[in-house]
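Have a look at the structure below before the remarks.
The values are calculated or read from the model by the stated rules, or taken from the named source; none is laboratory data. The structure displayed is predicted, hence computed values, not measured ones. Don't worry about glycine lacking a Cβ; one is built from the backbone with ideal geometry, like all the others, and counts go over all protein chains shown.
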Amino acid sequence: MTTFALPKLRVRGLWKTFDASRRGQAAPVALQDIDLDIADNAFVTLVGASGCGKSTLLRTLAGLETPSAGELSCDGRPIAGPGPERAMVFQHYSLYPWLTVAQNIRFSRELGRRREARSSAEVESALGRADALLRLMGLAHVANAFPSELSGGMQQRVAIARALMSRPHVLLMDEPFGALDAQTREVMHDLILHVHRLERTTIVFVTHDVEEAIYLGQRVVLMAPRPGRIDTVYDVPLPARRTQDMKLSAPFLALKGQVLARIRETAGMQTDLDLLARIAHAGDAAAVAE
């Protein structure tokens, strides 16, 4: 008898509309009829043109947005709001400036400790977890520093460590490296892949950078805009352990070309480029005639 593993995340018939009644307009559709399964320990990246709804989908999975229709579940249980099994990392670090690095990482556990009685063993376990995350993220030497004393890349490491503190089953990441310079982004790419291997957390990662999406993801989900919907899902033909030089390989470049071309098509950018080319050609012709 064949058995099938339950997906870590399941989305069925998801619609999301935003209220525009006060402006006398029809409600804009942000997401239309989304179906998506994400397996346990998967690393899935979401890409697409602006307005395709990838961040809205991520926020709905986090329980920060309420679906207008459809069903979402994590480990077979309906998603009806935020939950400890799902952690979110945003582009902006949102660290507490009055807390040190170590205190920021332990913050969620501190809240839990105040809500209910904790045994000394549980407190010790939490401290051990925080120390392990400091080492994993390369932050042990700045454990007592404040966020203002850190670079952007290091602040984002703190935010990721804080999200991992409670051992979430799912890590949802909304363009977390978008504000970093190219060199720091590469370091963070290899770091998050290392974290994924060790923590075995399911990761859903939103990005506008196609190269980033392919390098990190086992699957790339391309969304189309107006309204936001899933257009194409690509399997990434790269080994699990990745190195930066793979970005120059033929399979990587071929997939990058396919994804970029499809994003342009779904966003109507090909038509815009053709129009610009015709305008430029007409302008050149007019200049010659003069």
- Query: Do we have Val210 as touching a helix residue (DSSP H, G or I) at 6+ places or on another chain (Cβ under 6 Å), closer than 27 Å to Leu248 by Cβ, touching a residue at least 24 places away in the same chain (Cβ under 8 Å) and not hydroxyl-bearing (Ser, Thr, Tyr) here?
  - Reply: yes
- Task: Could you grab the pairs with beta carbons closer than 7 Å, sequence gap of 6+ or different chains, first residue in the stretch 74-87 and under 18 Å from Ala42 (Cα atoms), second one buried (at least 20 other Cβ atoms within 10 Å of the Cβ) and among the β-branched types (Val, Ile, Thr)?
- Result: Cys74/Val170; Glu85/Val170; Arg86/Val170
- Task: Please verify whether the stretch 150-159 includes one or more residues that are modelled with pLDDT under 95, buried (at least 20 other Cβ atoms within 10 Å of the Cβ) and of a type in the set (D, E, K, R).
- Result: yes
- Message: With the condition being closer than 29 Å to Leu6 by Cα and either of a type in the set (Lys, Arg) or at pLDDT 95 or above (or both), I'd like the helices (runs of 4 or more DSSP H) fully within the stretch 202-290 carrying at least 1 qualifying residues.
- Response: 210-216, 250-266
- Task: Could you list, in sequence order, all residues of the stretch 73-102 that are buried (at least 20 other Cβ atoms within 10 Å of the Cβ) and part of a strand (DSSP E or B)?
- Result: Cys74, Arg86, Ala87, Met88, Val89
- Give just the number: which of (1) within 13 Å of the chain's Cα centre (by Cα); (2) in a loop (DSSP other than H, G, I, E, B) does Ala179 not satisfy? (1)
